[in-house]
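Asks: Next up is a structure, given as structure tokens.
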Amino acid sequence: MKYEKVTLLQIEYFLATAKHLNFTEAAKSLYVSQPSLSRQIAILENEIGTKLFFRTNRNVRLTSAGIVLFNEINGVIDYIENAIENAKEPNLGENCTLTIGCLESMNTSTFLPNIIRKFKEKHKNINLILESHSFRELREKMINGKLDIIFTLSFEIDDSLGILWDTVYRGNSYIVMDSSNPLASYSNLSIQDLKNEKFVIISRDESPKGFDAIINICRKNGFEPKIVKQLPNVESVLLCVEAGLGVALFDSQVRYNNKNIKVFKVENDYIDVIMAWKKENMNSSIPHFVNGVLSEVKLINL
């Protein structure tokens, strides 16, 4: 800010002096000494770079700059005091609508229903709307302010976009393949076992960081994945896996309710389910929900 050194105290002193047009009377109204008031007015004039008052032995008058400043900010102290009182209201954040987005195909039954139930018990007047979207839709709707809070995977968050987030659940990565694949008969698999397999994967357009994460985990295990299909959503990837077109890597929260698909947990490779919201989002019900979720998560983790 250009005038970041201007203080509310100086504004208050200026308004009082402008109303009384008398330094002594203004100081009395503020219960401060006249020299103290005069000093703050001088500091304010110096910071702004222009005189606000004409001073003579007989009277005090506003300059043109003083008149403009007075007209623009008259009542600002009352406004601030009212804002402070409003901020102390006990039911802040109630009577609001909170829109929550979840990643499609995410198995939220492990944490979300209990959180929602307890939240509604405590905040009956907050209207909750829940939606399910793809990676890109979820991300874009949060950034555009159409979703207040989203539940997604940790690799989706870009700190440069002013996003706040907390971990809700930590799960393993999973290898997913059709049950007719020769590897499906194994009791367990590692990422290295997939070096000769074809991969179906969420497209880079849909989830740039998700795409790169799969490339990187394969490279760490000594091979480049043979990607045969890039698809727009999780359901499409699962359909291609079921059809035997390739294997896929997912997280533990994807719903795998298909007897034609075999799933293997990847040990020591984790993906976090996170709750995220935009820092600039001023929906006053967000803190209620975030704090409620985090208290439940701590109980779950105990």
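The values are calculated or read from the model by the stated rules, or taken from the named source; none is laboratory data. Note that the structure is predicted; figures quoted are calculated from it, not measured. Glycine gets a Cβ as well: all are built from the backbone with ideal geometry, and neighbour counts include every protein chain shown. All accessible areas refer to the heavy atoms of the entire protein, side chains included, with ligands and DNA or RNA removed. Shrake-Rupley method; radii C 1.70, N 1.55, O 1.52, S 1.80 Å.
Asks: Calculate how many DSSP beta bridges within segment 1-149 are antiparallel, expressed in % of all such bridges and rounded to the nearest 5.
Replies: So the antiparallel bridges in segment 1-149 amount to around 25 percent.
Asks: Express the carbon and sulfur contribution to the solvent-accessible surface of segment 198-275 as a percent, rounded to the nearest whole number, probe 1.4 angstrom.
Replies: Carbon plus sulfur share of accessible area: 47 percent.
Asks: Roughly how compact is segment 1-153, stated as its Cα Rg over 2.2 N^0.38 Å to two decimals?
Replies: Cα Rg divided by the expected 2.2 N^0.38 Å: 1.74.
Asks: I would also like to ask the following. Roughly how many Å² of ARG61 are accessible to a 1.4 Å probe, to the nearest 10?
Replies: Near enough 120 Å² of accessible area.
Asks: Would you grab the residues whose amide H sits under 5 Å from the one on LYS226? Only those 5+ places off in sequence or on another chain, please, with H modelled 1.01 Å from N.
Replies: For LYS226, the qualifying residues are PHE199.
Asks: Something else: Where Rh denotes the Kirkwood radius from the mean inverse Cα pair distance, what is Rg over Rh for segment 1-77?
Replies: 0.93
Asks: Oh, and also: In Å², and per residue, what accessible area does the chain have when probed at 1.4 Å with the other protein chains present?
Replies: 57
Asks: Can you tell me the dipole magnitude for the chain around its Cα centre, using point charges on the Cβ only (Lys, Arg +1; Asp, Glu -1), in Debye to the nearest 20?
Replies: 460
Asks: What are the lysines whose alpha-carbon lies under 19 Å from the alpha-carbon of LYS51, with same-chain residues fewer than 8 places away excluded?
Replies: Those lysines meeting the cut-off are LYS2, LYS5, LYS19.
Asks: Hey, another quick one. Give me the percent of accessible area attributable to carbon and sulfur for segment 17-165, probe 1.4 angstrom.
Replies: Here it works out to 50 percent.
Asks: Please state the charge dipole magnitude for segment 221-262, taken about the Cα centre, from unit charges on C-beta atoms (+1 on K and R, -1 on D and E), reported in debye and rounded to the nearest 20.
Replies: For segment 221-262, the charge dipole is close to 140 debye.
Asks: Give the angle, between 0 and 90 degrees and rounded to the nearest 10, that separates the Cα long axis of helix 34-48 from the longest principal axis of the Cα atoms of the chain.
Replies: 50
Asks: Which of GLY222, GLY246, GLY171 moves most in a GNM of the chain, Cα contacts under 10 Å?
Replies: Result for the chain, Cα springs under 10 Å: GLY222 fluctuates most.
Asks: Can I ask one more? Angle between the Cα long axis of helix 8-20 and the longest principal axis of the chain, 0 to 90 degrees, nearest 10?
Replies: 30
Asks: I've got another one for you. Of the listed pairs LYS122/LYS265; LYS124/LYS278; LYS124/LYS279; LYS259/LYS279; LYS122/LYS146, which have alpha-carbon separations greater than 32 Å here?
Replies: In this structure, LYS122/LYS265; LYS259/LYS279 exceed 32 Å between Cα atoms.
Asks: Antiparallel DSSP bridges in the chain: what percent, to the nearest 5?
Replies: Within the chain, antiparallel bridges account for around 65 percent of the total.
Asks: Also: What order, most packed first, do the peptides 265-272, 16-23 have when packing is the mean number of other Cβ atoms within 10 Å of each residue?
Replies: 16-23, 265-272
Asks: Could I ask something else about it? Based solely on its DSSP helices, what 222 nm [θ] is calculated for the chain when runs of n ≥ 4 H residues each add -39,500 (n - 2.57) and the sum is averaged over all residues, nearest 500 deg cm²/dmol?
Replies: Dividing the helical sum by the residues of the chain leaves -12000 deg cm²/dmol.
Asks: Relative contact order of the chain: what whole-number percent is it, with Cα pairs under 8 angstrom and at least 6 residues apart?
Replies: Contact order relative to length: 21 percent.
Asks: Quick one: the Cα spread of the chain along its three principal axes, in angstroms, biggest first?
Replies: If we take the Cα atoms of the chain, the spans are 101, 43, 30 Å.
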